[in-house]
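A.B. asks: One structure, pasted below without further comment.
The values are calculated or read from the model by the stated rules, or taken from the named source; none is laboratory data. The structure presented is a predicted model; accordingly, all values stated were derived computationally and were not measured. Quick reminder, even Gly has a Cβ in these numbers, built from the backbone with ideal geometry, and neighbours come from all protein chains shown. Accessible surface areas use protein heavy atoms only, side chains included; no ligands, DNA or RNA. Shrake-Rupley method; radii C 1.70, N 1.55, O 1.52, S 1.80 Å.
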Amino acid sequence: QVQLVESGGGLVQPGGSLRLSCAASGNIFFIYVMGWYRQAPGKQRELVATIASGGTTNYADSLKGRITISRDNAKKTVYLQMNSLSPEDTAVYFCNAEVTTGRGLPRRLYWGQGTQVTGSS
């Protein structure tokens, strides 16, 4: 089994910053893409950013310039640095990881439980 555990969420003042972390553990042979998604109350889950094993990144257009995704492959951890936060950023932030548990085995997508980020007004 593979587990993803997010941390770093909380209440942030307008214009503040947060750094989220997501650590993967378990029976992991290789992690391909890791990503962050968010789900605001009453809305669908949406892409925030993804990062491939080689470092190629992809960002939601609406968030470019305010966020940075990075990863530490040795620690099996992905990070999300968010700046200039506002109440509109309030959501549960989820990480995911595309993982294979053995050579030649199929990839599978795993999700964390989420961490709450609240931008105060």
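A.B. asks: Answer yes or no: is there a residue in region 95-110 that is outside any strand (DSSP E or B), farther than 29 Å from residue 29 by Cα and out of contact with any Gly (no Cβ under 6 Å at 6 or more places or on another chain).
C.D. replies: No, the conditions are met nowhere in region 95-110.
A.B. asks: If residue 113 meets every condition in (1) touching a Lys or Arg at 6+ places or on another chain (Cβ under 6 Å); (2) surrounded by fewer than 20 Cβ atoms within 10 Å (Cβ to Cβ); (3) closer than 21 Å to residue 5 by Cα; (4) not aliphatic (A, V, I, L, M) apart from one, which number is that one?
C.D. replies: (1)
A.B. asks: So the check is Cβ under 6 Å with 6+ separation or different chains; which pairs have a first residue in region 17-34 that's touching a residue at least 60 places away in the same chain (Cβ under 8 Å) and a second one that's surrounded by 19 or more Cβ atoms within 10 Å (Cβ to Cβ) and not in a strand (DSSP E or B)?
C.D. replies: Close Cβ pairs satisfying both conditions: 22/112; 24/76.
A.B. asks: Of everything in region 28-41, what is open to solvent by 40 Å² or more (accessible area, probe 1.4 Å) and modelled with pLDDT of 95 or more? Give them in sequence order.
C.D. replies: Within region 28-41, 29, 30, 32, 33, 37, 39 meet the criteria.
A.B. asks: Now a separate question. Return yes when residue 13 is out of contact with any Lys or Arg (no Cβ under 8 Å at 6 or more places or on another chain), free of Cβ contacts under 8 Å to residues at least 12 places away in the same chain and open to solvent by 50 Å² or more (accessible area, probe 1.4 Å) and no when it is not.
C.D. replies: no
A.B. asks: Being touching a strand residue (DSSP E or B) at 6+ places or on another chain (Cβ under 9 Å), touching a residue at least 60 places away in the same chain (Cβ under 8 Å) and open to solvent by 10 Å² or more (accessible area, probe 1.4 Å) narrows it down to one of 68, 118, so name that one. Walk me through it before giving the result.
C.D. replies: Working: 68 fails: touching a residue at least 60 places away in the same chain (Cβ under 8 Å).
Unique residue meeting the criteria: 118.
Yes/no matrix, rows are residues, columns are (1) crowded, with 17+ Cβ neighbours inside 10 Å; (2) among the hydroxyl-bearing types (Ser, Thr, Tyr); (3) under 21 Å from residue 4 (Cα atoms):
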position	(1), (2), (3)
46	no, no, yes
51	yes, no, yes
75	no, no, yes
81	no, no, yes
104	no, no, no
